[in-house]
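Visitor: This is the structure I have questions about; it appears just below.
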Amino acid sequence: MHDQIDKIRQLLDELETVNIDAVGAAGNSDFLPATEMSVVIQEIVDDLHPLLTPYEIAFYWHLFRHSIARSGNPLVRLSVPTLQRVAKSTKSNAMDSKISEGQIRTSLRILTSIGAIRCEGEPNREGTLYRVLIPDEIDACQEYRRKRTAAAEKPQPSEAEADFYNMKENRIKVYERDGYKCRYCGKQLTRFTCTLDHVTPVDADGTNSFDNLVTACLECNSRKHRRPLGDFLTEQ
């Protein structure tokens with residue numbers, strides 16, 4: 001566990017350095033102004049990181065730093081030994097073994113399948129040529145962004161839709177509305193002796209909404225049970 005924590009800390013340090021280098025390099029790039037580069041970096045963190053493992057994140061940042069951030073050119077040539085050095089930099093000192101070539105190729109396949117990078121030619125002695133894409137060009141990132149935005153903008157349920165029976169914080173709102181008194185007999189109650197009763201029973205399509213619940217003492221609640229409110233009140 002400590003080794004994993006150390007690896008994550010070192011990776012975060014590496015990413016912080018990458019971000020600084022990327023923004024600084026962007027000032028001399030015709031690809032993106034420095035302000036736009038900052039936005040792209042933020043989108044990478046927000047929309048791409050959640051889709052990747054720590055190694056894949058480190059590989060992507062290496063490609064990004066040595067392509068778009070450095071010169072504005074999205075093409076970069078990459079070799080397995082280079083990525084082995086990148087992977088080793090994310091490990092703790094106790095984890096000094098090299099990541100296998102198979103693991104690296106698997107990570108590259110995942111980055112390719114997500115659409116974060118794209119192979120642009122056959123490998124040669126210097127490595128394989130890749131095109132690095134940014135979140136606005138990656139379908140998976142755009143889909144993740146849509147889901148994240150939709151979740152943030154999801155409207156809160158109305159009182160009629162909210163569950164005021166099972167949710168403790170909502171039950172208290174009903175008790176407070178009724179002054180902690182039984183709505184049937186008027187008995188003063190406490191939060192420990194209050195119960196909730198459905199005005200329209202659940203088996204008659206009653207809901208757990210604020211308007212369909214009333215505070216009741218245990219005796220009145222037990223006597224009313226599933227009976228219609230009108231029938232119960234006529235016997236009071």
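Visitor: Please report, ordered by residue number, the helices (runs of 4 or more DSSP H) entirely within the range 1-102 with at least 2 residues that are modelled with pLDDT under 85, over 26 Å from residue 148 (Cβ atoms) and not charged (D, E, K, R).
Guide: Those helices (runs of 4 or more DSSP H) span 2-26, 80-89.
Visitor: Give me the helices (runs of 4 or more DSSP H) completely within the range 150-236, filtered to those with at least 3 residues that are at pLDDT below 85 and loosely packed, with under 12 Cβ neighbours inside 10 Å, ordered by residue number.
Guide: Those helices (runs of 4 or more DSSP H) span 229-233.
Visitor: Restricting attention to the range 51-71, report how many residues are over 17 Å from residue 104 (Cβ atoms) and β-branched (Val, Ile, Thr).
Guide: Qualifying residue count, the range 51-71: 1.
Visitor: Determine which member of the set 116, 162, 150, 140 is in contact with a Gly (Cβ under 9 Å, 6 or more places away or on another chain) and among the small types (Gly, Ala, Ser).
Guide: Unique residue meeting the criteria: 140.
Visitor: Being touching a residue at least 24 places away in the same chain (Cβ under 8 Å) and assigned by TED's automatic domain parsing to the domain that holds residue 214 is true for just one of 174, 132. Which residue is that?
Guide: One residue alone meets the criteria, 174.
The values are calculated or read from the model by the stated rules, or taken from the named source; none is laboratory data. Values in this document were obtained by computation on a predicted structure and should not be read as measured data. Counting neighbours? That spans all protein chains shown, and the Cβs are built from the backbone with ideal geometry, glycine included.
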